[in-house]
Amino acid sequence: MTLKYNRYTLRRGFEKVKTRTGVLLTSLALAVSGGSGLSLALFNSASAAGSTVVVTGNTAGAENNPGWMFNRDPDNQSPFVFNTDAASIGTGSVYVGPITNSIGPGGSDKFIAENFVLSNMSDVSSISYDYKIGTGGSASDANQFYMNVYANFGESSPTKFYDCKYDVVPSVGSTSDFTTVSFDTSQAYPVTTRGTSPYTCPAVPANMQGMGSGDATIRAVAINLGDTSTSDTGLDGYFDNVVVNKVSDVTTYDFEPLGMPTLVAPANNSVVKGASLLSDWTDVPGADHYFYQSCNDSACASERFHSDYSASEKTATNVADAVFWWHVRAVNSNGDMGPWSDTWKVTVDNTAPDVEITNPADGDTLYGTVDVRGSVTDANPHHYYTVVRDSSNNNVAGPGTVMDTNSFTDQHLFDFDTTAVPDGDYTIRLEARDAAGGTISSGNKDSGSVDVINVTVNNIPDNKMQCKNDGWQNFVDPSFRNQGDCVSYVEHHNGVGHDDEQHEEHHENHSERSEKRNEHSFFVFQWFNWFRHFNFSFFHF
């Protein structure tokens, strides 16, 4: 039974079915024949799992390979592009035209999108597509948006061009909305029998089954715009949502523009080494290759480099120091370019930091608290590492790793309390890494980025100047000697103070007592006895 539907009822009815994902229970088929108008046939199909395939360009490697090929014949091409100007499903479709009739011999400009189905006729229930007439046409141009189905009898090769060609030609269309057209193997269509066909083709495709031996096959379907005549000049339009409904499965082909790649590495604003530089981004479905571009500015007003890459990555070696911005875009087999990715900044830094310990000096003897100072110079500093190590290479002082992204000159690094370690030989180490590589251990490093000096710790003061640098603080240690050198005193006579030089004679008179200053117990006792004669102070800096 066939039912008459107007275009708008047809549209709504198909939308209920075509947007289903998963199990398809009922299908609607549109058949047009002999200009008799638009009719709709209702039929049932077996339950089948559904899947959607996004198509952004050629997916078949060659003719008669499963997948799609667009305008493979150079003699009758018309311009087309996958874009987001209109969509039946998803966000885009394939836009064709306008047809100019200026390409190919005799001006045979048209559009052909082929899907190599390569399936038994008995396995295919229906094949449908959506189309929308562009601004260059009108509803009366519906017949220019047609489909051909190429089928072979069982005893012919399934890859033979065709034995039977069925024409599915719509009679209604719209410039404001998509119209769905369907080929149903159980319905009758205008058919062309090719001269090499073993049999005359039946009007109903399913009736090919049983004519001769073997299973009849559907080799391909071709969606067309234009009839290679002047009547289609200026015509344009959109195709989308091709559904191949088989007994075993339902495949929906969604025509979409290429997606935008997502950049992966190196990270935005990263600092990297140039010895081996990998630029990586995500794959884009339907991409034939990728166009890579690097620039000297974020707006890419000044190009630095560009090239095509078949894989979603680019490797460069021995890249010189530089700052640049980069992005990529996908390109399909038609040459259509997708949108640019984000633009990321990269700094290539192959130069290691320069460091120097500015205090103390190599070979110095240290006592008390020492101000350890140093310098780090680099274009992209990241951190420095500074420690004191004993003769067994154990860390005994210093902060270790310090994150600092600034260069500095003669800066205080840390205070080295030499009284906290035994007297002996030590090394002070200052090492810096830059930001290249982005980790604590990946930065550039060479001989100039490490400075090591040798020092000796000796906390037994030899003179008064050493005593002023905290040498006196072991005063209570009985093993400490020369403690008398840690005292400055002034003797008062009749309220008048005199310095050491003026009382040299006085000191000589007390030489016997002074000789005993080096003994801790006598030192305290003698100063107690002299307290009446002297004011004294301990130097502690």
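The values are calculated or read from the model by the stated rules, or taken from the named source; none is laboratory data. Note that the structure is a prediction, hence the values are computed from the model and not measured. So basically every Cβ, Gly included, is an ideal-geometry build from the backbone, and we count neighbours across all protein chains shown.
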- Kindly check whether there is at least one residue in the range 27-36 that is within 19 Å of ASN148 (Cβ to Cβ), at pLDDT 85 or above and buried (at least 22 other Cβ atoms within 10 Å of the Cβ). no
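Could you pull out every one of the strands (runs of 3 or more DSSP E) wholly within the range 94-181 that has 3 or more residues that are assigned by TED's automatic domain parsing to the domain that holds ASP240, touching a Leu at 6+ places or on another chain (Cβ under 9 Å) and crowded, with 21+ Cβ neighbours inside 10 Å?
Details: elements: 111-116, 124-133, 147-152, 164-168.
In the range 94-181, the matching strands (runs of 3 or more DSSP E) lie at 124-133.
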- Within the range 281-306, how many residues are closer than 22 Å to VAL81 by Cα, hydroxyl-bearing (Ser, Thr, Tyr) and without any contact (Cβ under 8 Å) to a residue 40 or more places away in the chain? 1
- Note on the structure: If we ask which residues in the range 154-180 are closer than 21 Å to ASP215 by Cα and either touching a residue at least 60 places away in the same chain (Cβ under 8 Å) or not acidic (Asp, Glu) (or both), their number turns out to be 11
- Task: Just name the residue that is nearest to ASN444 (Cα to Cα) out of those in the range 335-344 that are in contact (Cβ under 8 Å) with a residue 60 or more places away in the chain and either surrounded by fewer than 17 Cβ atoms within 10 Å (Cβ to Cβ) or touching a Cys at 6+ places or on another chain (Cβ under 9 Å) (or both).
- Result: ASP342
- Tell me, which strands (runs of 3 or more DSSP E) lie completely within the range 266-315 with 1 or more residues that are aromatic (Phe, Trp, Tyr)? 276-281, 289-295, 303-309
- Note on the structure: By residue number, the members of the range 336-352 that are modelled with pLDDT under 95 and in contact with a Phe, Trp or Tyr (Cβ under 8 Å, 6 or more places away or on another chain) are ASP336, MET337
- Scan (1) without any contact (Cβ under 8 Å) to a residue 40 or more places away in the chain; (2) closer than 23 Å to LYS160 by Cα for the single condition PRO79 breaks and write down its number. (2)
- Item | In the range 46-97, the residues that are closer than 23 Å to ASP232 by Cα and among the hydrophobic types (A, V, I, L, M, F, W, C) | MET69, PHE70, PHE80, VAL81, PHE82, ALA86, ALA87, VAL94, VAL96
- Across the range 212-230, which residue is modelled with the lowest pLDDT among those that are surrounded by fewer than 18 Cβ atoms within 10 Å (Cβ to Cβ) and out of contact with any helix residue (DSSP H, G or I) (no Cβ under 8 Å at 6 or more places or on another chain)? SER229
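Condition check: in the same structural domain as THR100 (by TED's automatic domain parsing) and either crowded, with 16+ Cβ neighbours inside 10 Å or without any contact (Cβ under 8 Å) to a residue 40 or more places away in the chain (or both). Does LEU278 satisfy that? Talk me through it step by step, then tell me what you get.
Values: in the same structural domain as THR100 (by TED's automatic domain parsing): no; either crowded, with 16+ Cβ neighbours inside 10 Å or without any contact (Cβ under 8 Å) to a residue 40 or more places away in the chain (or both): yes.
Judged against the criteria, LEU278 is not a match.
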